[in-house]
Structures are given as structure tokens and as C-alpha cells.
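Notes to accompany the following structure.
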Amino acid sequence: MRRLSSSTTFFYKRVFPLLWVGFVLIISGVQFWAVQHARADAPSESLFPLVLMPLFVVGVMFLLYRKLLHDLLDEVWLDGDWLMVKNRGERVRVALRDVMNVNATTMTNPRRITVMLRTDSHFGRNLTFIPASPRRFLSGFNPDPIANELIERVDALRGVTR
């Protein structure tokens with residue numbers, strides 16, 4: 001069995017959002033403290049901008065998280081003609097014969113591979129993960145080697161020659 005998904009998925013899905021929100025809270029807290037400390041002798045001003053901007057930043061982060069990170073699977077392993085998929089402690093085996101399409105993004109960070117299935121699995125019809133292949137300098141336009149391997153394996157199972 002060989003791991004196809006990156007080990008950084010846990011960081012992207014769980015740690016990074018907490019660090020981001022923590023950073024926004026710390027910066028907002030420092031700004032709020034500085035304004036309160038400076039306002040001791042000054043006339044009262046509105047704190048609305050100090051509250052609005054962090055809410056906006058957290059809202060944008062939430063939308064990006066839902067679009068790019070929320071659907072990522074924790075682990076994807078290649079086991080012969082099967083994919084072993086793990087997400088939130090649950091495991092599912094998916095036959096490569098059931099794969100309809102393999103799509104890889106090239107210009108996003110993190111990179112993503114989406115395996116589209118012919119039928120629904122426990123995790124849905126689209127299985128998306130971060131590939132474990134290393135990122136090379138200026139390789140944004142190059143196809144992902146893991147996606148290419150999956151495409152070749154699926155084509156071989158179908159009997160398609162290139």
C-alpha cells in the first residue's frame with residue numbers, strides 16, 4: 001500500500017484555521033487595547049470599524065475554507081486496484097474501476113486531486129485530497145505525477161490504450 005495523500009492535510013484542515021482565527025483575535029485585541037488606552041483622555045469614538053474588520057476577515061477565511069479545504073479527505077492510499085480512503089476515522093475502499101475521471105489543479109495552494117466516481121461512495125461522488133508529491137520550483141503548469149499515475153491505472157483497467 002502506498003500513500004497518495006499528503007501528510008500536511010491535518011495542518012491545512014485543522015491547525016491552519018485555528019492559527020488564522022487566533023491571529024485575527026490577537027491583532028484585534030491589541031488594536032482594541034491600544035484604542036482604549038489612547039482614548040482615556042480623548043472624546044469617545046465609535047468602535048464599529050474595530051469590530052467590523054475582524055469579522056470581515058474571519059468571514060472571508062470561512063468562505064475560503066469551505067471552498068478549498070473542507071472537502072479534503074484525511075488519507076488516500078493506493079492498494080493495487082483499490083483506493084483506501086480515510087476521513088474522520090472512517091475508512092472506505094473504492095475500486096479504481098469505479099473511477100470516471102481524475103482531475104488535478106495546478107495553480108492552487110494546496111494542490112488538489114479530485115477523483116470522480118461513477119456511483120456514490122460513503123464520502124460522496126467526488127473524492128478530493130492533497131497529493132503527496134513534492135512541489136518543485138516553477139512547476140505550476142506541470143501535471144501532477146500522482147494524478148497522471150491514477151489516470152494511467154484507470155485507463156489500463158478500462159483497456160484504453162494511448
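The values are calculated or read from the model by the stated rules, or taken from the named source; none is laboratory data. In this text, all values refer to a predicted model and were calculated from it rather than measured experimentally. Cβ placement follows ideal geometry from the backbone for every residue including glycine, while neighbour counts extend to all protein chains displayed. Remember, those area values only see protein heavy atoms, side chains included, never the ligands or the DNA or RNA. Shrake-Rupley method; radii C 1.70, N 1.55, O 1.52, S 1.80 Å.
Please sort 67-79, 14-26 by packing, taking for each peptide the average over its residues of neighbouring beta carbons within 10 angstrom, highest first.
In decreasing order of mean packing, 67-79, 14-26 become 67-79, 14-26.
Which Rg and Dmax, in Å, describe the Cα atoms of region 63-120?
12.3, 37
Using only the alpha-carbon atoms, how far is helix 48-68 inclined from the longest principal axis of the chain? Give it as 0 to 90 degrees, nearest 10.
So the helix axis and the longest Cα principal axis differ by about 0 degrees.
Ignoring ligands, DNA and RNA, what percent of the accessible area of the chain is carbon or sulfur (1.4 Å)? Before the final figure, lay out each step's value.
Values: 6700 of 10600 Å².
Carbon with sulfur: 63 percent of the solvent-accessible area.
Which entry in (1) 19.2; (2) 16.7; (3) 18.5 is this structure's computed Kirkwood radius over Cα pairs in Å?
Only one listed value fits the structure, namely (3).
I need to check one value: relative contact order of the chain, counting alpha carbon pairs closer than 8 Å and at least 6 residues apart, in percent.
Computed value for the chain: 24 percent relative contact order.
Rounded to the nearest 500, what is the 222 nm mean residue ellipticity of the chain from helices alone, with -39500 (n - 2.57) per DSSP H run of 4+ residues and division by all residues?
Rounded to the nearest 500, it is -12500 deg cm²/dmol.
Hey, if you put +1 on the Cβ of every Lys and Arg and -1 on every Asp and Glu Cβ in region 1-137, which of Val21, Phe11, Phe48 ends up farthest toward the positive end of that dipole?
The listed residue farthest towards the positive side: Phe11.
Kindly report the accessible area of the chain per residue (heavy atoms of protein chains, probe 1.4 Å, no ligands, DNA or RNA), in Å².
Roughly 65 Å² per residue, with all protein chains present.
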